[in-house]
1. Can you report the number of residues in the stretch 37-61 which are loosely packed, with under 13 Cβ neighbours inside 10 Å and among the charged types (D, E, K, R)?
2. From 77, 34, 70, which residue is within 30 Å of residue 141 (Cα to Cα), open to solvent by less than 40 Å² (accessible area, probe 1.4 Å), assigned to a helix (DSSP H, G or I) and touching a Pro at 6+ places or on another chain (Cβ under 9 Å)?
3. Pick out the one residue from 269, 280, 308 that is of a type in the set (A, V, I, L, M, F, W, C) and at pLDDT below 80.
4. Can you work out which of the residues in the stretch 80-113 that are aromatic (Phe, Trp, Tyr) and open to solvent by less than 70 Å² (accessible area, probe 1.4 Å) is farthest from the chain's Cα centre (by Cα)?
5. Looking at the stretch 249-296, which of its residues are buried (at least 19 other Cβ atoms within 10 Å of the Cβ) and β-branched (Val, Ile, Thr)?
6. Any residue at all in the stretch 89-106 that's of a type in the set (D, E, K, R) and not in a helix (DSSP H, G or I)?
Amino acid sequence: MAMTQILSGVVLVLALPAWSARGRRGAAAVTLALGVSSAVVTAAVWILGRWAEGDRWAGLLGLVELAVLLLSVVITLRTEDGPRCALAAWTACGAVALWLTRFAFVEGPGDVLTIFGFGSALSLPAVLIGLYLRGLDEGRTKAVVEAKRAQRLELAHDLHDFVAHDVSGMVAQAQAGAYLASVDPARAVAMFERIEQAGQRALASLDRTVQLLRTEEGTGRGPQPGLSELAEVAERFTAAGGAEVRLELPEQPVPRELGGTVHRIVVEALTNVRRHAQGAARVDVRARRVGEWLELTVTNDGRPAGAASRPRRGGGSGLPGLAARVEALGGTFEAGAHEREAWRVTARLPLAGREEPERPETPMRTSAGAGEMSG
(Lines give C-alpha, C1' and ligand atoms only; values in the text may rest on other atoms or scores of the structure.)
Protein backbone atom coordinates (compact mmCIF):
# COMPACT_ATOMS: atom_id res chain seq x y z
CA MET A 1 0.00 0.00 0.00
CA ALA A 2 2.80 2.43 0.79
CA MET A 3 4.47 1.78 -2.55
CA THR A 4 1.14 2.29 -4.36
CA GLN A 5 0.59 5.63 -2.63
CA ILE A 6 4.08 6.73 -3.61
CA LEU A 7 3.40 5.78 -7.25
CA SER A 8 0.17 7.80 -7.24
CA GLY A 9 2.16 11.02 -6.74
CA VAL A 10 4.95 10.43 -9.26
CA VAL A 11 3.31 12.34 -12.13
CA LEU A 12 2.39 15.24 -9.85
CA VAL A 13 5.96 15.50 -8.60
CA LEU A 14 7.24 15.58 -12.19
CA ALA A 15 4.63 18.09 -13.39
CA LEU A 16 6.14 21.22 -11.84
CA PRO A 17 9.73 20.84 -13.10
CA ALA A 18 8.45 19.61 -16.45
CA TRP A 19 6.31 22.70 -17.01
CA SER A 20 9.11 24.97 -15.88
CA ALA A 21 11.14 23.59 -18.80
CA ARG A 22 8.42 24.00 -21.44
CA GLY A 23 9.97 27.29 -22.61
CA ARG A 24 13.01 25.38 -23.86
CA ARG A 25 11.42 22.08 -24.86
CA GLY A 26 7.92 23.16 -25.82
CA ALA A 27 4.53 22.22 -24.44
CA ALA A 28 4.30 19.11 -26.62
CA ALA A 29 7.51 17.68 -25.14
CA VAL A 30 6.23 18.28 -21.62
CA THR A 31 2.85 16.69 -22.37
CA LEU A 32 4.56 13.71 -23.98
CA ALA A 33 6.79 13.26 -20.91
CA LEU A 34 3.85 13.46 -18.52
CA GLY A 35 1.81 11.03 -20.62
CA VAL A 36 4.67 8.51 -20.73
CA SER A 37 5.23 8.90 -16.97
CA SER A 38 1.55 8.24 -16.27
CA ALA A 39 1.57 5.14 -18.49
CA VAL A 40 4.71 3.87 -16.69
CA VAL A 41 3.02 4.38 -13.32
CA THR A 42 -0.02 2.47 -14.58
CA ALA A 43 2.19 -0.42 -15.69
CA ALA A 44 3.94 -0.38 -12.30
CA VAL A 45 0.58 -0.60 -10.55
CA TRP A 46 -0.27 -3.62 -12.68
CA ILE A 47 2.89 -5.31 -11.46
CA LEU A 48 2.69 -4.28 -7.80
CA GLY A 49 -1.03 -4.74 -7.43
CA ARG A 50 -4.19 -2.90 -8.41
CA TRP A 51 -5.60 -0.14 -6.26
CA ALA A 52 -8.65 -0.88 -4.17
CA GLU A 53 -11.71 1.31 -4.53
CA GLY A 54 -11.31 2.32 -0.88
CA ASP A 55 -7.81 3.80 -1.40
CA ARG A 56 -8.94 7.40 -1.11
CA TRP A 57 -5.47 8.88 -1.06
CA ALA A 58 -4.37 7.13 -4.25
CA GLY A 59 -7.71 7.88 -5.91
CA LEU A 60 -7.56 11.59 -5.02
CA LEU A 61 -4.01 11.99 -6.31
CA GLY A 62 -5.03 10.04 -9.39
CA LEU A 63 -7.84 12.50 -10.14
CA VAL A 64 -5.42 15.42 -9.81
CA GLU A 65 -3.06 13.56 -12.15
CA LEU A 66 -5.87 13.25 -14.72
CA ALA A 67 -6.58 16.97 -14.45
CA VAL A 68 -2.89 17.77 -15.04
CA LEU A 69 -2.76 15.51 -18.09
CA LEU A 70 -5.92 17.00 -19.60
CA LEU A 71 -4.75 20.53 -18.92
CA SER A 72 -1.46 19.79 -20.64
CA VAL A 73 -3.38 18.48 -23.65
CA VAL A 74 -5.38 21.72 -23.85
CA ILE A 75 -2.27 23.90 -23.63
CA THR A 76 -0.37 21.80 -26.17
CA LEU A 77 -3.15 21.84 -28.76
CA ARG A 78 -3.56 25.57 -28.26
CA THR A 79 0.09 26.54 -28.59
CA GLU A 80 1.56 23.97 -31.00
CA ASP A 81 0.79 22.10 -34.19
CA GLY A 82 2.20 19.27 -36.24
CA PRO A 83 3.07 15.59 -35.71
CA ARG A 84 4.84 16.15 -32.39
CA CYS A 85 1.78 17.86 -31.00
CA ALA A 86 -0.50 15.05 -32.18
CA LEU A 87 1.79 12.40 -30.68
CA ALA A 88 1.90 14.18 -27.33
CA ALA A 89 -1.90 14.59 -27.24
CA TRP A 90 -2.52 10.94 -28.15
CA THR A 91 -0.04 9.75 -25.52
CA ALA A 92 -1.57 11.87 -22.75
CA CYS A 93 -5.12 10.90 -23.73
CA GLY A 94 -4.12 7.23 -23.83
CA ALA A 95 -2.63 7.54 -20.34
CA VAL A 96 -5.93 9.05 -19.16
CA ALA A 97 -7.86 6.06 -20.56
CA LEU A 98 -5.44 3.54 -19.00
CA TRP A 99 -5.72 5.19 -15.57
CA LEU A 100 -8.92 3.24 -14.93
CA THR A 101 -7.03 -0.07 -15.20
CA ARG A 102 -5.17 0.76 -11.98
CA PHE A 103 -8.30 -0.35 -10.11
CA ALA A 104 -9.33 -3.51 -11.98
CA PHE A 105 -8.13 -6.09 -14.47
CA VAL A 106 -9.30 -5.90 -18.04
CA GLU A 107 -11.49 -8.91 -18.65
CA GLY A 108 -13.19 -9.14 -21.99
CA PRO A 109 -14.51 -6.69 -24.59
CA GLY A 110 -16.85 -5.06 -22.10
CA ASP A 111 -13.96 -3.76 -19.99
CA VAL A 112 -12.17 -2.54 -23.11
CA LEU A 113 -15.25 -0.54 -24.12
CA THR A 114 -15.50 0.84 -20.61
CA ILE A 115 -11.89 2.01 -20.71
CA PHE A 116 -12.36 3.52 -24.17
CA GLY A 117 -15.54 5.32 -23.11
CA PHE A 118 -13.89 6.62 -19.93
CA GLY A 119 -10.90 7.96 -21.85
CA SER A 120 -13.06 9.49 -24.58
CA ALA A 121 -15.42 11.18 -22.14
CA LEU A 122 -12.50 12.94 -20.44
CA SER A 123 -10.15 13.49 -23.37
CA LEU A 124 -12.54 14.61 -26.12
CA PRO A 125 -13.63 17.84 -24.32
CA ALA A 126 -9.98 18.68 -23.61
CA VAL A 127 -9.07 18.15 -27.28
CA LEU A 128 -11.98 20.24 -28.51
CA ILE A 129 -11.23 23.06 -26.05
CA GLY A 130 -7.58 23.11 -27.09
CA LEU A 131 -8.44 23.21 -30.79
CA TYR A 132 -11.07 25.88 -30.20
CA LEU A 133 -8.65 28.09 -28.30
CA ARG A 134 -6.03 27.62 -31.01
CA GLY A 135 -8.61 28.67 -33.61
CA LEU A 136 -9.35 31.80 -31.60
CA ASP A 137 -5.64 32.61 -31.34
CA GLU A 138 -5.10 32.06 -35.05
CA GLY A 139 -8.12 34.21 -35.88
CA ARG A 140 -6.85 36.95 -33.58
CA THR A 141 -3.40 36.79 -35.13
CA LYS A 142 -4.85 36.90 -38.62
CA ALA A 143 -7.01 39.87 -37.68
CA VAL A 144 -3.97 41.73 -36.35
CA VAL A 145 -2.03 40.98 -39.53
CA GLU A 146 -4.93 42.17 -41.69
CA ALA A 147 -5.30 45.30 -39.57
CA LYS A 148 -1.60 46.09 -39.97
CA ARG A 149 -1.82 45.47 -43.71
CA ALA A 150 -4.88 47.71 -44.00
CA GLN A 151 -3.12 50.39 -41.98
CA ARG A 152 -0.08 50.28 -44.23
CA LEU A 153 -2.30 50.52 -47.31
CA GLU A 154 -4.01 53.49 -45.71
CA LEU A 155 -0.65 55.12 -45.16
CA ALA A 156 0.26 54.45 -48.78
CA HIS A 157 -2.95 56.15 -49.86
CA ASP A 158 -2.10 59.10 -47.61
CA LEU A 159 1.29 59.32 -49.27
CA HIS A 160 -0.30 59.38 -52.72
CA ASP A 161 -3.02 61.86 -51.81
CA PHE A 162 -0.92 64.47 -50.04
CA VAL A 163 2.59 64.14 -51.42
CA ALA A 164 1.39 63.86 -55.03
CA HIS A 165 -0.72 66.98 -54.48
CA ASP A 166 2.28 68.97 -53.23
CA VAL A 167 4.64 67.63 -55.89
CA SER A 168 2.23 68.42 -58.75
CA GLY A 169 1.92 71.96 -57.40
CA MET A 170 5.69 72.26 -57.26
CA VAL A 171 5.98 71.19 -60.91
CA ALA A 172 3.36 73.71 -62.04
CA GLN A 173 4.94 76.54 -60.05
CA ALA A 174 8.43 75.66 -61.28
CA GLN A 175 7.22 75.93 -64.88
CA ALA A 176 5.72 79.33 -64.15
CA GLY A 177 8.76 80.41 -62.15
CA ALA A 178 11.09 79.71 -65.04
CA TYR A 179 9.15 82.24 -67.11
CA LEU A 180 8.75 84.83 -64.31
CA ALA A 181 12.46 84.77 -63.55
CA SER A 182 13.10 86.63 -66.80
CA VAL A 183 10.15 89.06 -66.78
CA ASP A 184 9.33 89.62 -63.08
CA PRO A 185 12.11 88.53 -60.69
CA ALA A 186 10.18 89.68 -57.60
CA ARG A 187 7.22 87.44 -58.36
CA ALA A 188 9.60 84.65 -59.29
CA VAL A 189 11.18 84.83 -55.81
CA ALA A 190 7.77 84.51 -54.18
CA MET A 191 6.95 81.62 -56.49
CA PHE A 192 10.12 79.76 -55.56
CA GLU A 193 9.39 80.33 -51.87
CA ARG A 194 6.03 78.60 -52.33
CA ILE A 195 7.82 75.78 -54.12
CA GLU A 196 10.15 75.41 -51.15
CA GLN A 197 7.19 75.33 -48.72
CA ALA A 198 5.43 72.67 -50.81
CA GLY A 199 8.64 70.61 -50.88
CA GLN A 200 8.94 70.84 -47.11
CA ARG A 201 5.35 69.67 -46.69
CA ALA A 202 5.99 66.75 -49.02
CA LEU A 203 9.15 65.80 -47.12
CA ALA A 204 7.30 66.04 -43.82
CA SER A 205 4.59 63.72 -45.15
CA LEU A 206 7.24 61.27 -46.32
CA ASP A 207 8.99 61.36 -42.95
CA ARG A 208 5.75 60.74 -41.05
CA THR A 209 4.75 57.88 -43.31
CA VAL A 210 8.14 56.16 -43.14
CA GLN A 211 8.22 56.56 -39.37
CA LEU A 212 4.77 55.00 -39.00
CA LEU A 213 5.67 52.12 -41.30
CA ARG A 214 8.73 51.38 -39.17
CA THR A 215 6.69 51.07 -35.97
CA GLU A 216 5.22 47.73 -34.97
CA GLU A 217 1.68 48.90 -34.35
CA GLY A 218 1.69 52.16 -36.25
CA THR A 219 0.96 54.08 -33.06
CA GLY A 220 1.28 57.79 -32.78
CA ARG A 221 -0.67 58.54 -35.94
CA GLY A 222 -2.30 61.93 -35.57
CA PRO A 223 -5.87 62.80 -36.55
CA GLN A 224 -6.52 62.70 -40.27
CA PRO A 225 -7.41 65.93 -42.09
CA GLY A 226 -11.06 66.65 -42.72
CA LEU A 227 -13.36 69.42 -43.90
CA SER A 228 -11.76 72.05 -41.69
CA GLU A 229 -8.47 71.74 -43.60
CA LEU A 230 -10.01 72.12 -47.06
CA ALA A 231 -10.01 75.95 -46.90
CA GLU A 232 -6.24 75.96 -46.48
CA VAL A 233 -5.83 73.40 -49.30
CA ALA A 234 -7.95 75.56 -51.61
CA GLU A 235 -6.07 78.73 -50.72
CA ARG A 236 -2.69 77.14 -51.36
CA PHE A 237 -3.89 75.76 -54.68
CA THR A 238 -5.18 79.15 -55.80
CA ALA A 239 -2.08 80.97 -54.56
CA ALA A 240 0.11 78.63 -56.60
CA GLY A 241 -1.35 80.15 -59.74
CA GLY A 242 -3.64 78.85 -62.40
CA ALA A 243 -7.16 77.82 -61.44
CA GLU A 244 -9.15 79.62 -58.76
CA VAL A 245 -10.80 77.26 -56.27
CA ARG A 246 -14.27 78.16 -55.05
CA LEU A 247 -15.17 76.17 -51.98
CA GLU A 248 -18.60 75.54 -50.49
CA LEU A 249 -18.97 73.38 -47.39
CA PRO A 250 -22.03 72.45 -45.30
CA GLU A 251 -22.86 74.44 -42.20
CA GLN A 252 -24.09 71.34 -40.36
CA PRO A 253 -21.58 68.91 -38.85
CA VAL A 254 -20.68 65.76 -40.77
CA PRO A 255 -19.23 62.47 -39.48
CA ARG A 256 -15.46 62.55 -39.11
CA GLU A 257 -14.95 59.51 -41.33
CA LEU A 258 -16.92 61.16 -44.14
CA GLY A 259 -15.02 64.41 -43.64
CA GLY A 260 -11.73 62.60 -44.11
CA THR A 261 -13.01 60.92 -47.28
CA VAL A 262 -14.23 64.25 -48.70
CA HIS A 263 -10.82 65.76 -47.97
CA ARG A 264 -9.11 62.95 -49.85
CA ILE A 265 -11.40 63.29 -52.86
CA VAL A 266 -10.89 67.05 -53.09
CA VAL A 267 -7.10 66.76 -52.80
CA GLU A 268 -6.99 64.06 -55.47
CA ALA A 269 -9.28 66.05 -57.77
CA LEU A 270 -7.14 69.19 -57.42
CA THR A 271 -4.02 67.13 -58.05
CA ASN A 272 -5.53 65.83 -61.28
CA VAL A 273 -6.49 69.36 -62.32
CA ARG A 274 -2.87 70.39 -61.82
CA ARG A 275 -1.65 67.41 -63.83
CA HIS A 276 -4.15 67.05 -66.64
CA ALA A 277 -6.12 70.32 -66.92
CA GLN A 278 -3.50 72.99 -66.57
CA GLY A 279 -5.59 75.36 -68.68
CA ALA A 280 -8.49 75.30 -66.21
CA ALA A 281 -9.37 78.74 -64.83
CA ARG A 282 -11.78 77.73 -62.06
CA VAL A 283 -12.53 74.73 -59.88
CA ASP A 284 -15.83 74.58 -57.99
CA VAL A 285 -15.85 72.38 -54.88
CA ARG A 286 -19.28 71.89 -53.35
CA ALA A 287 -20.22 69.63 -50.44
CA ARG A 288 -23.88 69.71 -49.40
CA ARG A 289 -26.19 67.76 -47.14
CA VAL A 290 -29.13 66.41 -49.12
CA GLY A 291 -31.42 64.50 -46.81
CA GLU A 292 -29.45 61.60 -45.35
CA TRP A 293 -26.64 62.00 -47.87
CA LEU A 294 -23.57 64.17 -48.24
CA GLU A 295 -23.10 65.11 -51.89
CA LEU A 296 -19.73 66.31 -53.13
CA THR A 297 -18.93 67.69 -56.59
CA VAL A 298 -15.58 68.96 -57.83
CA THR A 299 -15.87 70.58 -61.26
CA ASN A 300 -13.26 72.35 -63.35
CA ASP A 301 -13.92 74.25 -66.58
CA GLY A 302 -11.19 72.20 -68.28
CA ARG A 303 -10.08 74.68 -70.89
CA PRO A 304 -7.22 73.29 -72.96
CA ALA A 305 -3.72 73.94 -71.73
CA GLY A 306 -1.57 76.52 -73.48
CA ALA A 307 1.15 75.63 -75.87
CA ALA A 308 3.85 76.18 -73.28
CA SER A 309 2.40 73.74 -70.81
CA ARG A 310 3.72 70.20 -70.47
CA PRO A 311 1.04 67.95 -68.97
CA ARG A 312 2.15 64.83 -67.19
CA ARG A 313 1.47 61.65 -69.11
CA GLY A 314 0.10 58.54 -67.52
CA GLY A 315 -1.98 58.21 -64.38
CA GLY A 316 -2.04 56.73 -60.96
CA SER A 317 -4.45 54.74 -58.84
CA GLY A 318 -5.89 57.66 -56.88
CA LEU A 319 -9.43 57.74 -58.29
CA PRO A 320 -9.94 53.93 -58.24
CA GLY A 321 -8.75 53.88 -54.65
CA LEU A 322 -11.15 56.68 -53.72
CA ALA A 323 -13.99 54.88 -55.49
CA ALA A 324 -13.31 51.76 -53.43
CA ARG A 325 -13.20 53.82 -50.23
CA VAL A 326 -16.51 55.53 -51.03
CA GLU A 327 -18.17 52.22 -51.90
CA ALA A 328 -16.91 50.75 -48.62
CA LEU A 329 -18.78 53.53 -46.82
CA GLY A 330 -21.97 52.68 -48.72
CA GLY A 331 -21.78 55.56 -51.21
CA THR A 332 -21.32 56.11 -54.93
CA PHE A 333 -18.44 57.68 -56.85
CA GLU A 334 -18.25 58.96 -60.42
CA ALA A 335 -15.64 60.86 -62.42
CA GLY A 336 -15.91 61.91 -66.04
CA ALA A 337 -16.49 64.56 -68.65
CA HIS A 338 -19.07 67.25 -67.93
CA GLU A 339 -20.42 69.91 -70.27
CA ARG A 340 -18.04 69.93 -73.22
CA GLU A 341 -14.46 70.11 -71.97
CA ALA A 342 -15.24 70.32 -68.25
CA TRP A 343 -14.51 67.48 -65.83
CA ARG A 344 -16.50 66.57 -62.74
CA VAL A 345 -15.92 64.27 -59.80
CA THR A 346 -19.07 63.33 -57.86
CA ALA A 347 -19.46 61.39 -54.64
CA ARG A 348 -22.53 60.60 -52.52
CA LEU A 349 -21.90 59.42 -48.98
CA PRO A 350 -24.53 58.25 -46.47
CA LEU A 351 -24.78 60.29 -43.28
CA ALA A 352 -26.92 57.87 -41.26
CA GLY A 353 -25.36 55.60 -38.66
CA ARG A 354 -22.10 57.53 -38.27
CA GLU A 355 -20.61 58.99 -35.11
CA GLU A 356 -18.03 61.61 -34.09
CA PRO A 357 -19.32 64.51 -36.23
CA GLU A 358 -16.88 67.04 -37.57
CA ARG A 359 -17.82 70.68 -38.09
CA PRO A 360 -15.71 72.68 -40.53
CA GLU A 361 -14.16 75.83 -39.14
CA THR A 362 -15.15 77.75 -42.30
CA PRO A 363 -18.60 76.48 -43.43
CA MET A 364 -18.70 78.42 -46.72
CA ARG A 365 -15.64 80.12 -48.04
CA THR A 366 -14.12 81.11 -51.35
CA SER A 367 -10.44 80.32 -51.40
CA ALA A 368 -9.63 83.32 -53.54
CA GLY A 369 -10.77 85.57 -50.73
CA ALA A 370 -14.07 86.62 -52.33
CA GLY A 371 -15.92 85.88 -49.13
CA GLU A 372 -18.57 83.30 -48.33
CA MET A 373 -20.66 81.64 -50.98
CA SER A 374 -24.37 81.25 -50.55
CA GLY A 375 -25.78 77.77 -50.58
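The values are calculated or read from the model by the stated rules, or taken from the named source; none is laboratory data. The structure presented is a predicted model; accordingly, all values stated were derived computationally and were not measured. Positions of Cβ are backbone-derived with ideal geometry, glycine not excepted, and every protein chain shown enters the neighbour counts. All accessible areas refer to the heavy atoms of the entire protein, side chains included, with ligands and DNA or RNA removed. Shrake-Rupley method; radii C 1.70, N 1.55, O 1.52, S 1.80 Å.
1. The qualifying residues number 2.
2. Only one candidate passes the filter, namely 70.
3. Selected residue: 308, the only one of 269, 280, 308 that is of a type in the set (A, V, I, L, M, F, W, C) and at pLDDT below 80.
4. The residue in question is 103.
5. 254, 261, 262, 265, 266, 267, 271, 273, 283, 285
6. The answer is no; no qualifying residue exists.
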